[in-house]
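The values are calculated or read from the model by the stated rules, or taken from the named source; none is laboratory data. Since this is a predicted model, take the numbers as computed values, not measurements. No Cβ is skipped: glycine too gets one built from the backbone with ideal geometry, and neighbour counts run over all protein chains shown.
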Amino acid sequence: MTDNTDHRTQWTPPPRPEWVRKINEEGDCMDISGVVPLDESSLLDTAMRNTGLSDFGADDWREPFRIYINALEEEAELNLIGRLRARWQILYFLEARLQIEDTYQRHPEIEDEQIRQPIIIVGQGRSGTSFLQNILAADPDNGALMHWEMMFPCPPPEKATYKTDPRIAKADRLVDQWNRVIPTLESMHELRGHMPFEDSVIMSINFMAPTWMDTIGQVPSYDGYIFQQDPAPAFAYHRRVLKLLQWKNPRKRWVLKDPMHLDRMTDILKVYPDACFLWPHRDPVRSLASLVSIIGTLQWSGSDHPFKGGSLAYMTDPNFSAGRFNAMIDRIDSGAVPAGQICNLLYRDLVSDTIGTVEDIYRHFGIPLSATSRAAMAQYLADNPRDARPTHQFNAGSPEAIAKARTAFQRYQQRFQIPDE
């Protein structure tokens with residue numbers, strides 16, 4: 001019997017393209033674990049052979065890596081397409097790590113780079129975080145992590161060729177595979193090699209990024225492990241990658257984004273003490289329903305059993321999700337996260353008066369906003385209208401599911417005066 005209080009049980013998978021369906025059907029008669037191995041020795045040996053390198057640097061990534069690939073085998077129930085895509089993504093994480101360590105060994109001066117006053121977007125997915133990152137990245141004084149440079153960080157990007165680097169096309173072809181496998185994804189989220197994306201990609205190089213790792217395959221035991229770990233090594237490595245990426249392509253300040261950063265703000269401040277956090281707020285019930293749609297679709301791309309085992313429940317279960325927000329409110333109230341280092345904004349204001357909202361953000365953090373920067377962001381808005389993309393259609397949920405979620409998010413909505421939609 002379907003639980004009418006749970007958005008996840010009311011989600012319907014989109015139809016798969018015929019070519020995807022046929023490939024997966026062929027996989028049904030194969031030993032796909034033998035055809036597409038995901039074991040440690042195969043992955044490490046292939047990464048080392050592909051790069052000609054063998055030094056992965058510090059070993060703090062090895063335990064989460066092993067737990068992750070074990071969970072993929074035991075829990076994810078990947079189909080052939082899902083398994084193929086899991087292998088190539090894990091390989092580019094491993095190969096990037098080898099190349100990063102090799103670059104640092106040959107150029108230790110990279111360590112002298114400084115990361116100053118990063119702008120870090122946190123909060124619930126589907127609340128305008130990507131739009132906010134894109135508009136801020138249009139400011140020439142800011143730098144965002146482009147998908148291509150996170151996938152292929154070495155050799156470090158150079159300013160003169162940053163927008164023409166051949167890795168952009170390579171990454172775009174790989175990233176666009178998400179859209180080819182699940183065509184409805186384009187209406188939910190833009191994925192392109194040359195566009196900004198979440199920090200979860202570079203944090204996956206350290207295998208400490210549940211939001212991204214869970215889109216590759218559902219791994220609830222890995223999630224349970226990760227949330228018990230000290231994130232300090234992950235953010236130390238995060239800084240290591242940022243230094244490398246800005247070494248030959250200087251950024252005045254970074255604009256970063258990841259939904260999991262909300263839970264780790266106190267840890268982030270230990271690595272980036274002058275961090276500027278942006279927390280956009282949108283009706284959390286609507287955002288959760290939209291998240292269920294996109295997460296279900298992403299998981300469906302690689303498995304016939306989405307939402308299995310509670311994977312990503314911290315985003316799709318209203319009680320878990322509201323618990324994260326309430327814990328953050330407690331940290332702010334206790335002073336663990338200085339209120340002055342957080343700028344709260346409403347999604348409604350962001351879309352109705354985007355430039356005015358940006359001005360408020362810069363004013364809050366004492367960041368000068370030049371006429372050139374303002375004009376660049378205005379031009380971005382003119383060149384990228386939202387109605388140029390298909391509209392995301394999703395199930396808002398039954399009255400019972402909406403009521404359950406509304407109760408869970410009551411404290412959060414009242415605290416930040418977030419209107420229902």
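Please list, ordered by residue number, the helices (runs of 4 or more DSSP H) wholly in segment 1-62 having 3 or more residues that are under 25 Å from P306 (Cβ atoms) and not aliphatic (A, V, I, L, M). Explain how you work it out, then say what you get.
Working: elements: 18-27, 32-35, 40-51.
Hits in segment 1-62: 18-27.
If we keep just the residues of segment 323-361 that are of a type in the set (G, A, S) and exposed (fewer than 13 other Cβ atoms within 10 Å of the Cβ), which is nearest to I418 (Cα to Cα)? So that I can check it myself, show each step before the final result.
Here is the first cut: in segment 323-361, the ones of a type in the set (G, A, S) are 323, 327, 334-336, 339-340, 352, 356.
Now drop any that are not exposed (fewer than 13 other Cβ atoms within 10 Å of the Cβ), which leaves 327, 334-336, 339-340, 352, 356.
Details: A327: 18, S334: 22, G335: 23, A336: 23, A339: 18, G340: 20, S352: 15, G356: 19 Å.
Among those that are of a type in the set (G, A, S) and exposed (fewer than 13 other Cβ atoms within 10 Å of the Cβ), it is S352.
List the number of the failed condition for R21; all other conditions in (1) free of Cβ contacts under 8 Å to residues at least 12 places away in the same chain; (2) within 20 Å of P220 (Cβ to Cβ); (3) in contact with a Pro (Cβ under 9 Å, 6 or more places away or on another chain) hold.
Only one criterion is unmet by R21, namely (2).
With the requirement that a residue be under 21 Å from R282 (Cβ atoms) and of a type outside the set (V, I, T), what does segment 332-351 give you? Before the answer, list the steps.
Applying the first criterion (under 21 Å from R282 (Cβ atoms)) to segment 332-351 yields 332, 337, 339, 342-351.
Of everything in segment 332-351, those that are under 21 Å from R282 (Cβ atoms) and of a type outside the set (V, I, T) turn out to be A339, C343, N344, L345, L346, Y347, R348, D349, L350.
Rundown of residues vs (1) touching a Gly at 6+ places or on another chain (Cβ under 6 Å); (2) under 17 Å from I216 (Cβ atoms); (3) small (G, A, S), yes/no style:
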| residue | (1), (2), (3) |
| --- | --- |
| S33 | no, yes, yes |
| L38 | no, yes, no |
| S42 | no, yes, yes |
| N50 | no, no, no |
| D55 | no, no, no |
| R62 | no, no, no |
| Y68 | no, yes, no |
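Take the residues in segment 5-44 that are surrounded by 14 or more Cβ atoms within 10 Å (Cβ to Cβ) and more than 26 Å from the chain's Cα centre (by Cα), then tell me which one is nearest to I205 (Cα to Cα).
Among those residues, the one meeting the criterion is S42.
State yes or no: is Q393 under 26 Å from H7 (Cα atoms), surrounded by fewer than 16 Cβ atoms within 10 Å (Cβ to Cβ) and without any contact (Cβ under 8 Å) to a residue 24 or more places away in the chain? Step through it out loud before you land on a result.
On the way: under 26 Å from H7 (Cα atoms): yes; surrounded by fewer than 16 Cβ atoms within 10 Å (Cβ to Cβ): yes; without any contact (Cβ under 8 Å) to a residue 24 or more places away in the chain: no.
No.
Which numbered condition in (1) surrounded by fewer than 17 Cβ atoms within 10 Å (Cβ to Cβ); (2) in contact with a helix residue (DSSP H, G or I) (Cβ under 7 Å, 6 or more places away or on another chain) is the only one that G52 fails?
(2)
Step by step: first the residues of segment 365-386, then only those that are under 19 Å from D349 (Cα atoms) and among the charged types (D, E, K, R), then the one that is modelled with the lowest pLDDT. Which residue is that?
R386
Would you confirm, using the coordinates I've provided, whether D258 is within 30 Å of V337 (Cα to Cα) and either touching a residue at least 40 places away in the same chain (Cβ under 8 Å) or surrounded by 21 or more Cβ atoms within 10 Å (Cβ to Cβ) (or both)? Please lay out each step first, then the result.
On the way: within 30 Å of V337 (Cα to Cα): yes; either touching a residue at least 40 places away in the same chain (Cβ under 8 Å) or surrounded by 21 or more Cβ atoms within 10 Å (Cβ to Cβ) (or both): yes.
Here the answer is yes, as D258 does meet what is asked.
For N179, only one of the following conditions fails: (1) part of a helix (DSSP H, G or I); (2) at pLDDT 95 or above. What is its number?
(2)
Is there any pair with a first residue in segment 277-295 that is within 24 Å of W178 (Cα to Cα) and a second that is outside any helix (DSSP H, G or I) and among the polar types (S, T, N, Q) whose Cβ atoms are under 6 Å apart and which are 6 or more apart or on different chains, and what are they?
What qualifies is S287/Q124; S287/S127.
Applying the selection to segment 387-411, what residues are at pLDDT 85 or above and in contact with an Asp or Glu (Cβ under 7 Å, 6 or more places away or on another chain)?
Scanning segment 387-411 gives a single hit, A401.
Before we move on, is I268 in contact with a Pro (Cβ under 6 Å, 6 or more places away or on another chain), touching a residue at least 24 places away in the same chain (Cβ under 8 Å) and farther than 24 Å from C154 by Cα? Step through it out loud before you land on a result.
Details: in contact with a Pro (Cβ under 6 Å, 6 or more places away or on another chain): no; touching a residue at least 24 places away in the same chain (Cβ under 8 Å): yes; farther than 24 Å from C154 by Cα: yes.
No, not satisfied.
Report, by residue number, each residue of segment 366-385 that is in contact with a helix residue (DSSP H, G or I) (Cβ under 8 Å, 6 or more places away or on another chain) and in a helix (DSSP H, G or I).
Within segment 366-385, R374, M377, A378, Y380, L381 meet the criteria.
Please go through (1) over 10 Å from the mean Cα position of the chain (by Cα); (2) more than 20 Å from S311 (Cα to Cα) for I202 and return the number of the only condition it doesn't satisfy.
Here I202 meets the rest and fails (1).
Mind counting the residues in segment 373-390 that are surrounded by 13 or more Cβ atoms within 10 Å (Cβ to Cβ) and of a type outside the set (A, V, I, L, M)?
Total satisfying the criteria: 5.
Just one of A171, A209 is surrounded by 22 or more Cβ atoms within 10 Å (Cβ to Cβ) and over 18 Å from I120 (Cβ atoms); which is it? Talk me through it step by step, then tell me what you get.
Values: A209 fails: over 18 Å from I120 (Cβ atoms).
Just a single option satisfies the conditions, and that option is A171.
Which pairs do you get when a residue that is on the phi < 0 side of the Ramachandran plot, found in segment 35-53, comes within reach of a residue that is among the small types (G, A, S) and at pLDDT 95 or above, reach meaning Cβ atoms under 6 angstrom, with the pair 6+ apart or on two chains?
So the pair list comes out as M48/S54.
Taking the criterion of being free of Cβ contacts under 8 Å to residues at least 24 places away in the same chain, outside any helix (DSSP H, G or I) and not polar (S, T, N, Q), would at least one residue in segment 400-419 satisfy it?
Among the residues of segment 400-419, not one is free of Cβ contacts under 8 Å to residues at least 24 places away in the same chain, outside any helix (DSSP H, G or I) and not polar (S, T, N, Q), which makes the answer no.
For segment 66-94, give me each residue that is more than 29 Å from R21 (Cβ to Cβ) and buried (at least 21 other Cβ atoms within 10 Å of the Cβ).
Result: L94, single match.
Anything in segment 182-192 that is in contact with a helix residue (DSSP H, G or I) (Cβ under 8 Å, 6 or more places away or on another chain), of a type outside the set (S, T, Y) and part of a helix (DSSP H, G or I)? List them, or say none. Before the answer, list the steps.
Pass one, segment 182-192, residues in contact with a helix residue (DSSP H, G or I) (Cβ under 8 Å, 6 or more places away or on another chain): 182, 184-186, 188-192.
Cutting the leftovers down to of a type outside the set (S, T, Y) gives us 182, 185-186, 188-192.
Hits for segment 182-192 are L185, E186.
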